[in-house]
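Peer 1: Please see the structure below; I have some questions.
The values are calculated or read from the model by the stated rules, or taken from the named source; none is laboratory data. Note that this is a predicted model, so its numbers are computed, not measured. Every residue, glycine as well, gets a Cβ built from its backbone with ideal geometry; the counts of neighbours run over all protein chains shown.
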Amino acid sequence: MHLQAWNDVKDKKDVDAVNFLKKFVAKHALTDKDGKPVLDQKKHPKMVGDHVEILAPVTSGACVLGTGYERVQRGDILGYCGSIPDNMATPSRGVHFEILFEDVQFLNNSEKLVWGECQLAESLLVQDELLSKQIVKVDPKKPLTLDKEQGTNGYKKIHIEKQKLWVSDDQIATEEIEIPDPKHKGKKIAHTQHQALNKELHAYVKDPVKNVSTLAKDKPVIPWMDPWLASGEFQEEINEGKTWVQVFAPDTNKLYWAEKNTIKFSSDADWPDFQKIEEHGQFSDDGFIDDDGLQKLLDGYDKDRAEKNKGKLAQDEDKLRHLVTKHPTEWSKLDIAKRFGRVTNEAFGPSKLTPEQFAKLTKHIERLAFWEDIPGLPNAKSVWHVHPVRFVEQLAKCMWLSKNELAQIYPAKASSKDETISHGTTDEVREKYRLDINKCCFRYAVNNRIRCAHFFGQGAVESGSLNSMLELASGTHYEGSRMLGNTQPGDGPKFKGRGFKQLTGRYNYGEYWAFKGWLKKGVDFDTGWENDAHKRFPPVADPDRILATSFTCIDAGCWYITLLRKGTLAAMDKDDVKAVTHAINGGENGLPERINFTTRIKKVLL
């Protein structure tokens, strides 16, 4: 919103001209003042190309109806403040801005949307790894071998067939026996012996107590579950008769497992703290809100303001900014004197208007009223009102991009000869990936404007602005790269770049395959294989699996920058393109292009 007086701007031209009303004009023949086509030397009509035309607004402020007008974009001038004619002695320099609704069902979030910040509504018990019990057969007559390091948490660490396992104390019998003293022949010493109570032990490969922790209420989390993620886009495991899903903690970049039906959370899509007020009773058709709760809040606000109680005043203001009220609109031409007649009553106190003042008020309202002039508006007597600034602040937290918004980030062509747009991306390509971009950016907390600017700026280089999900080069230059885990012949071409962030190398593919549950560490391949030629490497048979769906193309890239290269988000938050580039690919490959693309996209998003 650019606040300047109308008289200061009405005669300005070009880029400084009033530009809040724009219309798309299709290609057409140029005409002269008489409306006849202007011809070129070959007697062909001269053509005017497609363009957006800025229309001059009317000074009366009347609404302009019609079709073909351009959408309002971020940074567009919406209007200019001026002076209220009835108040020329002290001209107003403000702008009256309202947001009105016929229906506010979106506040209920019945579709279970998620966006913005997401946090736990209740504390949550989680596991670092999803542990399953193993059944191990033992001989109860033989003593168990305990590890030298033991905890005091109800489990014992034992050695069985070269495995280290944790077994609960209630499965083990402990007794004190005497054994020969190895240092003194003929003497005996006390010895603690442990034996299994049964032929089978239920054991874990990791300490189950240390594996469990509790996430506190209000902790930022992103549950990976339906309905906002579709089947196949998240892992859902049945373990010991319970259904488990993963929960991402963006403040620590850590992933947990939690029992699905115990996860209680809310996001900004639930419109927290917003409160509806709908008046009832004999005065419900007038121009005022008659609600005891609201009146109490207003009285408290007036009291705190009079007493200059800044702490309580800030709380009062915040509550008022979150109110969503239903009452007749003040912009109707109908029954003006009846709707506002209460201002002449004694009950209105010091603010009571005299008949002369009330006549001026009604005349002023008549001049401004427009409701009945605009077709399609809801019933003037039942309109919901929100605090416009607070509403826009809340809605701005939603970073799920629309078709038009993604088109501004990755346009098909430049809007000027000086604009660098990278590779040009068609509507078809953008729409193929847009929903998955929205899901994955929220899923991995790439959910604020500065992170998104870097995410898309880097992606412009890595994937050619969504156009190249498979690296164009052969990949032979990666052959034998120990840093990438390319330990086998042919690994270079086989594991060349794929996906939005061009996942490269057997090591990175193996880590992503394990993350997705397509391979299991310790079962399908060994931990530390990249540093030990004798260990089993991850058998990734089909690296093109990343390209099988549009979701995995984007997901692999988001996983890489958050869960594998954990310094990337921190570099994004510092707005450091060089540091982000290092975090992603370990060098400065394509740094000038990454800077240019990120800078342009920041102008779109910020």
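Peer 1: Kindly list the number of the only condition in (1) in a strand (DSSP E or B); (2) closer than 24 Å to residue 521 by Cα; (3) hydrophobic (A, V, I, L, M, F, W, C) that fails for residue 125.
Peer 2: Going through (1) in a strand (DSSP E or B); (2) closer than 24 Å to residue 521 by Cα; (3) hydrophobic (A, V, I, L, M, F, W, C) one by one, residue 125 breaks only (2).
Peer 1: Of all residues in the range 192-244, how many are more than 28 Å from residue 447 (Cα to Cα), part of a loop (DSSP other than H, G, I, E, B) and in contact with a strand residue (DSSP E or B) (Cβ under 8 Å, 6 or more places away or on another chain)?
Peer 2: Final tally of qualifying residues: 8.
Peer 1: Scan the range 325-362 for residues that are assigned to a helix (DSSP H, G or I) and free of Cβ contacts under 8 Å to residues at least 12 places away in the same chain and jot them down.
Peer 2: Passing the criteria: 346, 347, 348, 349, 350, 351, 355, 356, 357, 359.
Peer 1: In the range 363-381, what count of residues is obtained for those that are among the acidic types (Asp, Glu) and free of Cβ contacts under 8 Å to residues at least 60 places away in the same chain?
Peer 2: 2
Peer 1: May I ask you to verify whether residue 148 is surrounded by fewer than 11 Cβ atoms within 10 Å (Cβ to Cβ) and over 47 Å from the mean Cα position of the chain (by Cα)?
Peer 2: Yes.
Peer 1: Let me ask something else about it. Hey, can you tell me all the residues within the range 155-177 that are at pLDDT 90 or above and outside any strand (DSSP E or B)?
Peer 2: 169, 170, 171 - these are the residues of the range 155-177 that are at pLDDT 90 or above and outside any strand (DSSP E or B).
Peer 1: Still on this structure: For the range 339-363, what are the residues that are exposed (fewer than 15 other Cβ atoms within 10 Å of the Cβ) and either in contact with an Asp or Glu (Cβ under 7 Å, 6 or more places away or on another chain) or of a type in the set (Asp, Glu) (or both)?
Peer 2: Within the range 339-363, 346, 352, 356, 360 qualify.
Peer 1: On to the next question. Considering only the range 492-507, state which residues are in a helix (DSSP H, G or I) and buried (at least 24 other Cβ atoms within 10 Å of the Cβ).
Peer 2: Within the range 492-507, 506 is the sole residue that qualifies.
Peer 1: Closer than 30 Å to residue 124 by Cβ, hydroxyl-bearing (Ser, Thr, Tyr) and in a strand (DSSP E or B): is that true of residue 252 in this structure?
Peer 2: It is false that residue 252 is closer than 30 Å to residue 124 by Cβ, hydroxyl-bearing (Ser, Thr, Tyr) and in a strand (DSSP E or B).
Peer 1: Next question. Can you find a residue that is assigned to a loop (DSSP other than H, G, I, E, B) and free of Cβ contacts under 8 Å to residues at least 40 places away in the same chain anywhere in the range 96-110?
Peer 2: yes
Peer 1: Restricting to the range 93-145, what's the tally of residues that are exposed (fewer than 12 other Cβ atoms within 10 Å of the Cβ), small (Gly, Ala, Ser) and farther than 30 Å from residue 328 by Cα?
Peer 2: 1
Peer 1: Kindly indicate which of 575, 544, 555 is touching a residue at least 12 places away in the same chain (Cβ under 8 Å), acidic (Asp, Glu) and at positive phi.
Peer 2: None of the other options fit; the residue is 575.
Peer 1: Being more than 30 Å from residue 269 (Cβ to Cβ), within 25 Å of the chain's Cα centre (by Cα), modelled with pLDDT of 95 or more and assigned by TED's automatic domain parsing to the domain that holds residue 555 narrows it down to one of 498, 434, so name that one.
Peer 2: 498
Peer 1: Among the candidates 278, 366, single out the residue that is in contact with a strand residue (DSSP E or B) (Cβ under 6 Å, 6 or more places away or on another chain) and either among the acidic types (Asp, Glu) or surrounded by fewer than 17 Cβ atoms within 10 Å (Cβ to Cβ) (or both).
Peer 2: After ruling out the rest, the residue left standing is 278.
Peer 1: Of the residues in the range 559-570, how many are surrounded by fewer than 23 Cβ atoms within 10 Å (Cβ to Cβ) and without any contact (Cβ under 8 Å) to a residue 24 or more places away in the chain?
Peer 2: 3
Peer 1: Among the listed residues 177, 158, identify the single one that is over 22 Å from residue 213 (Cα atoms) and buried (at least 16 other Cβ atoms within 10 Å of the Cβ).
Peer 2: 158
Peer 1: Another question, if that's okay. Only one of (1) modelled with pLDDT of 95 or more; (2) under 30 Å from residue 593 (Cβ atoms); (3) not polar (S, T, N, Q) fails for residue 391. Which number is that?
Peer 2: Residue 391 satisfies every listed condition except (2).
Peer 1: Here's a follow-up. Could you check how many residues of the range 508-538 are in a loop (DSSP other than H, G, I, E, B) and farther than 24 Å from residue 131 by Cα?
Peer 2: 3
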